[in-house]
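The values are calculated or read from the model by the stated rules, or taken from the named source; none is laboratory data. Predicted model only: the values in this text are computed from it and were never measured. Methodologically, a virtual Cβ is constructed for each residue, glycine included, from the backbone with ideal geometry; neighbour enumeration extends over all protein chains shown.
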Amino acid sequence: MLPKTQLGWWIKGSIEPKMGQSALYNALNQVTEPVHVIAGGDQIGMARGGCFIPMEDKNETTEIGTERFPWIASVPALHPTRLGSREFMQTNGLNYPYVMGAMANGITSVQMVATAGDAGMLAFFGAAGLSIAQIETAIHELKECSPHKPYGFNLIHSPSDPNLEMETARLYMDNGIRLISASAFMDMTLALVYYRVKGIQKDIDGCVNPLNRIVAKISREEVARKFLAPPPDKLIEPLVERGWITAQEAQLASEIPMADALTAEADSGGHTDNRPALALLPTIQSIRDAAALTYGYQRSVMVGLGGGIATPESAAAAFTMGADYIVTGSINQACLEAGTSDSVRQMLCEAGQADVTMAPAADMFEMGVKVQVLKRGTMFPLRAAKLYDLYSTYDAYENIPETQRQILERDFFRRSFSEEWTHTKNFFNNCDPRQVERARNDSKHKMALVFRSYLGQSSNWANKGEASRKIDYQIWCGPAMGAFNQWAQGSFLQLPQHRRVVLLALNILVGAAIILRRQSLRQQGIQFRDESASIPPRDQNELAELLKPSFQL
């Protein structure tokens, strides 16, 4: 059925129009070219060349000649670089509104971060769970291989070790890391405010410019409001008293928000509140708009969406809702650049949307905080839940029934509790001796440290591909992984050896552009058959031909 409206007439030139639904699909797939739809009898066609005459008289009844066709719809070119927010891309030196989130323990690796930057995308190095020395090594490597490319580092909230949080923030400032992803924060901390405010100044035009930029990952309204507010006075004052910031920096801090951008984190892998994206993003946008009116900031705070982004459809939905950028996580872990093992990559490539569950988090174990992990092919979620249940029930390891202790030592620790405590104690003596001192006088805390040791090692076993510990792998993963696998099924991207982060990113962005152009034509009355929903992944050569001359992979 053809639409009743008509934009005008198309006068054919030397190039014949292409008729039929397949011609429409092919034209829409060429996202760098505009599409003009014409009517030819009871068919639709694609006009090429010729000229267009806008309809001046809506009651036009001129008969259609052999060289003239009704012009019924148009959609402009939509290059993937035109998606999202131009301001976000300019601020961060990007070509695409695409961010690869920081997956801990270096899963978002130096290689992944550098590869993303080379392609005009942004990735945050997964610093959480690593030592200061390991993070510093990553900084030097990125400075050497990507000195002028965009990249950032992760700063994760460490409620059990604020000194580590401060030491990490200082490391970033000392090494000129001017962009961080702040994750898992429930409130503002001294380290985060210090990073944000240090070096702030006013330019010649009177604009307040923070030296250090923050992209905050949030999923709760109350946390969003804290990042949208200026740095709190209760944390500014001690920084001034200690001489860490100047009085002028403290004064200017009241004119900026804590974050330059907020990533609304929906149902993601790792730390998550399992929020639905369709409800979360507009809520955070509304809170952002209210904060702009309240504080009158000179610059807008961008809002992006992460958690569940894995297909062209999900990306298109995010941009349709006004996301300034999108963030991917789980799907990147299955790529060759990820700092994990081939065993994990294979497990992720076999995952379905229902193959994930929540399990206790190593870094916030005592608080009952959970992370979303893969459950297919591993017993980690069940074993982690068992450890938290025992911790919640008993005040000391010795109070756990003997049969349960035997299971823990045989299957979980694979050595005695005493031996496991020695291993745990040595670890904390190196990174946080206060924990060991506390454990000497607190049997429950001692038990918690040992249980946390198992949780922490489980992700390292996965990253290293420790075959003897495969049943204990902790693999952070959200349902997006299953959605991507379903989309990639039957294509070259079904196999892990073909998955590369930029190749995935460009396929998602190009697919999103195709979907948005289809939606525009639908709104103009053009109907599609069901098969139009299929957007198969393209290989490197196809993307290069489509996106030239701006293509980078």
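The table that follows gives values for the structure above.
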quantity	calculated
Output for the range 113-134, where each listed residue is surrounded by 24 or more Cβ atoms within 10 Å (Cβ to Cβ) and under 23 Å from SER158 (Cβ atoms)	VAL113, ALA123, PHE124, PHE125, GLY126, ALA127, ALA128
From the options GLY106, GLY120, GLY129, residue that is part of a loop (DSSP other than H, G, I, E, B), in contact with a Phe, Trp or Tyr (Cβ under 8 Å, 6 or more places away or on another chain), closer than 27 Å to ARG434 by Cα and not aliphatic (A, V, I, L, M)	GLY106
In the range 476-502, the residues that are at negative phi, small (Gly, Ala, Ser) and not in a helix (DSSP H, G or I)	GLY478, SER491
Any chance ALA23 is closer than 15 Å to GLU67 by Cα, out of contact with any Lys or Arg (no Cβ under 7 Å at 6 or more places or on another chain) and buried (at least 16 other Cβ atoms within 10 Å of the Cβ)	no
Hits in the range 284-313 - residues which are part of a helix (DSSP H, G or I) and in contact with a strand residue (DSSP E or B) (Cβ under 8 Å, 6 or more places away or on another chain)	ILE284, GLN285, ARG288
Filter pass, ARG522 being touching a residue at least 12 places away in the same chain (Cβ under 8 Å) and charged (D, E, K, R)	no
Filter result (under 15 Å from the mean Cα position of the chain (by Cα) and either among the hydroxyl-bearing types (Ser, Thr, Tyr) or at positive phi (or both)) within the range 91-105	TYR96, TYR98
Exclusive hit being modelled with pLDDT under 95 and over 30 Å from ILE72 (Cβ atoms), set GLN540, GLN474, GLN523	GLN540
Residue in the range 450-469 that is outside the structural domain of GLY269 (by TED's automatic domain parsing), hydroxyl-bearing (Ser, Thr, Tyr) and free of Cβ contacts under 8 Å to residues at least 24 places away in the same chain present	yes
Residue pairs meeting the criteria (Cβ under 9 Å; at least 6 apart or on separate chains; first at positive phi, in the range 196-210; second loosely packed, with under 15 Cβ neighbours inside 10 Å and among the polar types (S, T, N, Q))	GLY206/GLN298
Selection count where residues are surrounded by fewer than 20 Cβ atoms within 10 Å (Cβ to Cβ) and either assigned to a loop (DSSP other than H, G, I, E, B) or modelled with pLDDT under 95 (or both), scope the range 356-392	9
Filtered residues of the range 407-424 (kept if of a type in the set (Phe, Trp, Tyr) and in a helix (DSSP H, G or I))	PHE412, PHE417, TRP421
